[in-house]
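Take this structure, written in structure tokens, and hold onto it; I'll ask about it next.
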Amino acid sequence: MHTPEFFMRQAVLLAQKAASLDEVPVGAVIVQNDKVIARAYNTKNKKKDALLHAEMSALAKAQKKLGDWHLNDCDLYVTLEPCPMCAGACINTRLRTIYFGAYDEKAGCCGTLYNLPQDTRFNHRPNVVGGVLEQECSTLLTQFFKNKRK
């Protein structure tokens, strides 16, 4: 059985790939039965599509691979706390657990600004574990934006 850090390291590699393509460095993997079934990174700038956050693309790939929109036995590992859109998609796909790295003070909806996955008014509430490899994930984002400002 792999640890959350093991899978987050895979998401970090994807985030680094995004940064190399001048995308905000966010990477995501979907895991089922201790195996990665989908991987993605941000492509919204390259493809000019605001919906193409790493989480959204990974969720879409996992659903396609499984042939079902129900991902109740799957976990998401993402380097940045999901925004409202991505947190909502995690709820709607019935994801089991959301693991994230860096907290997002501006748009984080898994505990920072709001906690959509734990809102009891929804019919499904994924578990949330924040701060997995937090420093590594935060540093990727900080460096990316520092370089952009130069």
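Report the residue, chosen from ARG121, ARG94, ARG39, that carries the largest GNM mean-square fluctuation when the chain is represented by alpha-carbon nodes joined by springs under 10 Å.
Most flexible of the set in this elastic network: ARG121.
Picking from THR43, PHE6, ALA54, whose Cα lies most toward the positive end of the charge dipole for region 1-62 (charges on Cβ: Lys, Arg +1; Asp, Glu -1)?
Checked the options; the winner is THR43.
Sticking with this one: Give a quick list of GluC sites (Glu not before Pro) in region 1-107 that DSSP marks as loop, anything other than H, G, I, E or B, with at most 14 other Cβ atoms within 10 Å. Intermediate values should be presented prior to the final figure.
Details: sites: GLU5, GLU23, GLU55, GLU105; in loops: GLU23, GLU105.
Those satisfying the criteria are GLU105.
Which whole number of Å³ per residue matches the convex hull of the alpha-carbon atoms in region 76-135? Walk me through the numbers on the way to the answer.
Values: hull volume 3.7 nm³, N = 60.
Residue-normalised Cα hull volume stands at 62 Å³.
Only Cα pairs within less than 10 Å get springs; with that Gaussian network setup on the chain, which residue of ALA38, ALA58, ALA50 has the largest fluctuation?
Largest GNM mean-square fluctuation: ALA50.
The chain: longest stretch without exposed chymotrypsin sites (Phe, Trp or Tyr not before Pro) (DSSP loop, at most 16 other Cβ within 10 Å), sites themselves excluded?
It runs 1-68.
Quick check: convex hull of the Cα atoms in region 1-74, volume per residue, rounded to a whole Å³?
Looking at region 1-74, the number lands at 77 Å³ per residue.
For TYR99, which sequence-distant residues (separation of 5 or more, or a different chain) have an amide H within less than 5 Å of its own amide H, given hydrogens modelled in the peptide plane?
So TYR99 has HN proximity to LEU76, TYR77, VAL78, VAL129.
Oh, and also: When ligands, DNA and RNA are left out and all protein chains stay put, how many square angstrom of accessible area per residue does the chain have with a 1.4 Å probe?
Numbers: 7860 Å² over 150 residues.
So the chain comes to 52 Å² accessible per residue, rounded to a whole number.
Only four residue types carry charge here, +1 at the Cβ of Lys and Arg and -1 at the Cβ of Asp and Glu. Report the dipole size of the chain about the Cα centre in Debye, rounded to the nearest 20.
560
Say each of GLU105 and GLN143 gets a label point 7 Å from the Cα, pointing the same way as Cα to Cβ; how far apart are those two points in nm?
Each label point lies 7 Å from its Cα, and together they span 2.1 nm.
Can you compute the helix-only [θ] at 222 nm over the chain? Use -39500 (n - 2.57) per DSSP H run of at least 4 residues, normalise by all residues, nearest 500 deg cm²/dmol. Walk me through the numbers on the way to the answer.
Values: 5 runs with 59 residues, N = 150.
Only helices count here, giving -12000 deg cm²/dmol.
Rounded to two decimals, what is Rg over Rh for the chain when you use alpha-carbon atoms and the Kirkwood radius?
0.94
Still on this structure, please answer the following. Just ALA40, ALA87, ALA60 to compare: in a GNM of the chain, with alpha carbon springs under 10 Å, which one fluctuates most?
Taking springs between Cα atoms under 10 Å, the residue moving most is ALA60.
Once both axes come from the Cα atoms, what is the angle between helix 134-149 and the longest principal axis of the chain, in degrees from 0 to 90, rounded to 10?
Between the helix axis and the principal axis of the chain, the angle is about 40 degrees.
Using a 7 Å offset from the Cα along the Cα-to-Cβ direction at both ASP73 and ILE37, what is the distance between the two label points in nm, to one decimal?
Roughly 0.8 nm, to one decimal.
If you don't mind, another one. What list of ³J(HN,Hα) values in whole Hz, one per residue of region 86-94 in order, does the Karplus curve 6.51 cos²θ - 1.76 cosθ + 1.60 (θ = phi - 60°) give from phi, with Gly and Pro shown as x?
6, 4, x, 5, 5, 5, 5, 8, 6
The values are calculated or read from the model by the stated rules, or taken from the named source; none is laboratory data. These numbers were taken from a predicted model, which means no experiment stands behind them. Neighbour counts run over all protein chains shown; Cβ positions are idealised from the backbone, glycine included. The accessibility values were calculated without ligands, DNA or RNA, using every heavy atom of the protein model including side chains. Shrake-Rupley method; radii C 1.70, N 1.55, O 1.52, S 1.80 Å.
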